[in-house]
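Peer 1: The structure under discussion is supplied below as structure tokens; questions concerning it will follow.
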Ligand SMILES: [Zn+2]
């Protein structure tokens, strides 16, 4: 069960994602990855994935540590069940970047 505060955070995050989709900054997941896409994941030591998973109702959206590593800092990342399944089925693996490295890149642009 989410606390009232967590429920607020969840709503806020979903609104942000909606906003990014509307602006075309984020593409909703189709049945395969677009050419040259970059997947952003959380590095496992950055966050408690069990807590994050409470936010998602669907099992497909829940994330777990995978044998996948950030292309920048080489730390292991978590990936949702849906994305990881596609990742495994994709021959030409998309680039993976953890949230911290992405933030670093964005703040230097
Ligand atoms: Zn990284």
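Peer 1: Whole angstrom only: what separates the Cα centroid of the stretch 68-98 from the Cα centroid of the stretch 1-65?
Peer 2: Taking the Cα centre of the stretch 1-65 as reference, the centre of the stretch 68-98 is 14 Å away.
Peer 1: Of 13, 42, 86, which is the most mobile in a GNM of the chain whose springs link Cα atoms less than 10 angstrom apart?
Peer 2: Highest fluctuation of the listed residues: 13.
Peer 1: Sequence gap at least 6, Cα distance under 8 Å: using those rules, report the relative contact order of the stretch 51-90 to the nearest whole percent.
Peer 2: 34 percent.
Peer 1: Still on this structure: If I take every Cα pair under 8 Å that is 6 or more residues apart in the chain, average their sequence separation and divide by the length, what percent do I get for the relative contact order?
Peer 2: Once divided by the residue count of the chain, the mean separation gives 28 percent.
Peer 1: A further question follows. Using Cα springs under 10 Å in a Gaussian network model of the chain, which residue among 37, 70, 98 shows the largest mean-square fluctuation?
Peer 2: 37
Peer 1: Tally the DSSP beta bridges in the chain and give the antiparallel ones as a percent, rounded to 5.
Peer 2: Antiparallel bridges: around 55 percent, rounded to the nearest 5.
Peer 1: Calculate, in whole percent, how much of the Cα-Cα pair population of the chain lies beyond 22 Å.
Peer 2: 35
Peer 1: Please find the FRET efficiency linking residue 58 to residue 108, where r is the Cβ-Cβ separation and R0 is fixed at 30 Å, and quote it to the nearest 0.05. Mind showing how you got there, number by number?
Peer 2: Numbers: r = 35 Å, r/R0 = 1.16.
For R0 = 30 Å, the calculated efficiency reads 0.30.
Every read-out reported here was derived from the displayed coordinates using simple, explicitly stated rules and does not represent laboratory data. Since the structure is predicted, the reported quantities are computational estimates derived from the model, not experimental observations. A quick note on method: Cβ atoms are made from the backbone with ideal geometry, for glycine too, and the neighbour counts reach across all protein chains shown.
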